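All remarks here apply to the structure that follows.
The values are calculated or read from the model by the stated rules, or taken from the named source; none is laboratory data. Keep in mind that this is a model prediction, so the values were computed, not measured. All Cβ positions, even for glycine, are placed from backbone atoms using ideal geometry, and neighbour counts span all protein chains on display.
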Amino acid sequence: MIFSHESDLDGLYSAAIGIIRYPQAMTVFLGYGKENFEKMGNFVCSATHYGKERGLVIVADLGLNDDTLETCRQVFDDAVRNGWQIMWVDHHPWSHAAIDMVKQYGELVHDASGKKCAADLMHERLLPENDLAAKLASMAHTMDFFTKDQYLTPITEMIKYYQTLPDFYERLSDLARKSAKGILWDAEMQGDYVRYEKLRDEARVQVLAAIEVKETGGVRVAYVPTSQYLQSSLFSEEVFAVTGADLAMFYSGKGKVSIRRSNGRVSCRAVAANLPEGGGHDYAAGATFASNPENKSEVVAELEAAVAKATSQIL
């Protein structure tokens, strides 16, 4: 069983590399938060309790925060007791408590240096001699670190588009299996992308007109009421060009926020740490917020307070 991050190319290609190594594997794509890890627990429970096979649970490109430690402990305790092995592969910063907990139950492949993505680690650990795995890892690395050192198909935007559809998980699993066969783009994806482009461009105009820019602790911040059709990492370039902001907070109607930066003045992870379910990297992070998503002034105030705490720590 392979559990991977649902929102980006690193999660998709981490799963694809896992499928190359274990073609019989079931794939499940998850987001962050206790609810998602409980969902993982339900899948693991079904497999370990009602199936005779004994196997391996791989978790990839999902950081483990302290507020979900107990949930994961229960999942792993149950799986190991029923003869399953655990492997967690990730590149996000973890606490010592999280590292120690996972190591109690299985293998932790962890690198928080900021130089590797999860797909890099999956390639190195599972298929170091496989050319396709190396290429998938390289493309995930390019997208995760935004190095722009090679051409990438618009598959990251396809992931964003598929998230708006009712059969998202089936579509994402299909993308992972295609990628595991070396199919990075096809006629079906092209047709979907043409439909997506129209929705994306309409959303882009609306969102750019609604951005608020404020300065907090010497940091210029753009508060962006984003759309389900806009991919934050890609759209952030335009936001930074238009606003001159150091930091962008993309908040959604589902109570989630994606945080990106244009320079090193503030850590995205430090800002996320002041919000519920916050985590990620210095250059990109995510979290949720407690405010009513329909009350924009309340949302911006909550996000602004998180930025203020992070900048005060710098000062």
Anything in the range 1-13 that is among the acidic types (Asp, Glu) and assigned to a strand (DSSP E or B)? List them, or say none.
none
Surrounded by fewer than 24 Cβ atoms within 10 Å (Cβ to Cβ), among the small types (Gly, Ala, Ser) and in contact with a Leu (Cβ under 9 Å, 6 or more places away or on another chain) - does that describe any residue in the range 22-42?
yes
Would you call Ser179 buried (at least 20 other Cβ atoms within 10 Å of the Cβ), under 21 Å from Ala287 (Cα atoms) and of a type in the set (S, T, N, Q)?
no
Top-ranked residue of the range 299-315 - restricted to ones that are exposed (fewer than 15 other Cβ atoms within 10 Å of the Cβ) and without any contact (Cβ under 8 Å) to a residue 60 or more places away in the chain, ranked as farthest from Leu62 (Cα to Cα)
Ala301
Hey, Lys214 hits all of (1) within 20 Å of the chain's Cα centre (by Cα); (2) over 24 Å from Thr142 (Cα atoms); (3) touching a residue at least 40 places away in the same chain (Cβ under 8 Å) but one; which does it fall short on?
(1)
Segments classed as helices (runs of 4 or more DSSP H), wholly inside the range 166-272, with at least 1 members that are of a type in the set (Val, Ile, Thr)
187-209, 232-243, 268-272
Checked against (1) surrounded by fewer than 15 Cβ atoms within 10 Å (Cβ to Cβ); (2) of a type in the set (D, E, K, R); (3) in contact (Cβ under 8 Å) with a residue 40 or more places away in the chain, Lys296 satisfies every condition except (1)
Test each condition in (1) closer than 29 Å to Arg73 by Cβ; (2) in a helix (DSSP H, G or I) for Tyr161 and report the one that comes out false.
(1)
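With the structure loaded, tell me whether Pro166 is more than 25 Å from Ala119 (Cα to Cα) and either surrounded by fewer than 18 Cβ atoms within 10 Å (Cβ to Cβ) or in contact (Cβ under 8 Å) with a residue 24 or more places away in the chain (or both) or whether it fails that test.
Details: more than 25 Å from Ala119 (Cα to Cα): yes; either surrounded by fewer than 18 Cβ atoms within 10 Å (Cβ to Cβ) or in contact (Cβ under 8 Å) with a residue 24 or more places away in the chain (or both): yes.
Yes.
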Identify, from the list Val242, Val213, Val219, Val207, the residue that is surrounded by 20 or more Cβ atoms within 10 Å (Cβ to Cβ) and among the β-branched types (Val, Ile, Thr).
Val219
With His5, His92 as the choices, which residue is at pLDDT below 95 and out of contact with any His (no Cβ under 6 Å at 6 or more places or on another chain)?
His92
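Can Gly182 be described as in contact (Cβ under 8 Å) with a residue 60 or more places away in the chain and at positive phi?
Numbers: in contact (Cβ under 8 Å) with a residue 60 or more places away in the chain: no; at positive phi: yes.
Considered against the rule, which asks whether it is in contact (Cβ under 8 Å) with a residue 60 or more places away in the chain and at positive phi, Gly182 comes out as no.
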Scan (1) farther than 28 Å from His123 by Cβ; (2) without any contact (Cβ under 8 Å) to a residue 12 or more places away in the chain; (3) of a type in the set (A, V, I, L, M, F, W, C) for the single condition Cys45 breaks and write down its number.
(2)
